[in-house]
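Worksheet for the structure shown next.
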Amino acid sequence: MSINVPEKYWWDIPLDQDEKTWIKVAIVWCILLTVMMPWWHISGNQNPSSEFYRITTDNFDKLTDKFIAKYKVGEEEGIDVVAPPANTDVFVRGSQWMWEPILKLKKNQTYRIHLSSVDVNHGFSIVPINMNFQAVPGWDYVLTLTPTTSGEFHIVCNEFCGIGHHTMIGKIYVE
């Protein structure tokens, strides 16, 4: 019985000039992107606020309830609607399976949105614009937000949070 041993394996065959060129291009591109990613993070104006605080879920719950009581202007489908003045601390609570309260904000006015969850991790995604954040129990994440477009925006949970996850949609009205 004889075993056929190939004369050359695939790794023994020299590369064509075109293959060498594409490998060089790929390596240079990888190095360039590796250098650019930290630079974009540091110098970019697309970065979200890095302001966050440790907080108990009970304290965040109390702050949110106090905020709702102070600025409530109505209800929509059983969820409180608030209209806080500009330059105000705004509290948004994520809980299975709702965002509360519904916000009425003014265009071109700045708000500090305090975001947290009282039960599990929730994703805070403002649709149709591409803004994605995390609401994490025990953490108060502060976003400085200046709406520049009027309209109705939806807050969608993009982090699976249980059986009612698909119904977790909040609202922001910008007037």
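The values are calculated or read from the model by the stated rules, or taken from the named source; none is laboratory data. Given the structure is predicted, the values throughout are model-derived calculations rather than measurements. As a convention, Cβ positions derive from the backbone with ideal geometry for all residues, glycine included, and neighbour counts pool all protein chains shown.
Just a few scattered comments:
- Of the residues making up the range 54-106, those that are of a type outside the set (A, V, I, L, M, F, W, C), within 19 Å of N121 (Cα to Cα) and touching a Lys or Arg at 6+ places or on another chain (Cβ under 8 Å) are D61, T64, E100, P101.
- H114, sole failed condition from (1) of a type outside the set (S, T, N, Q); (2) exposed (fewer than 14 other Cβ atoms within 10 Å of the Cβ); (3) touching a Leu at 6+ places or on another chain (Cβ under 9 Å); (4) in a strand (DSSP E or B): (2)
- Selection from the range 80-106 of residues that are modelled with pLDDT of 95 or more, surrounded by fewer than 19 Cβ atoms within 10 Å (Cβ to Cβ) and assigned to a loop (DSSP other than H, G, I, E, B): A83, P85, K106
- Every condition in (1) closer than 20 Å to S125 by Cβ; (2) of a type in the set (S, T, Y); (3) buried (at least 16 other Cβ atoms within 10 Å of the Cβ) is met by S50 except one, and the failing one is (3).
- Boolean, E152 is in the same structural domain as D65 (by TED's automatic domain parsing), assigned to a strand (DSSP E or B) and either of a type in the set (D, E) or without any contact (Cβ under 8 Å) to a residue 24 or more places away in the chain (or both): yes
One line per residue, one yes/no per condition, for (1) under 20 Å from the mean Cα position of the chain (by Cα); (2) free of Cβ contacts under 8 Å to residues at least 60 places away in the same chain:
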site: I13; (1), (2): no, yes
site: Q17; (1), (2): no, yes
site: M37; (1), (2): yes, yes
site: A86; (1), (2): no, yes
site: W97; (1), (2): yes, no
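- If the condition is being of a type in the set (D, E) and assigned to a helix (DSSP H, G or I), then the range 1-44 contributes D12, D18, E19.
- Flag for T56 being within 20 Å of the chain's Cα centre (by Cα) and surrounded by fewer than 16 Cβ atoms within 10 Å (Cβ to Cβ): no
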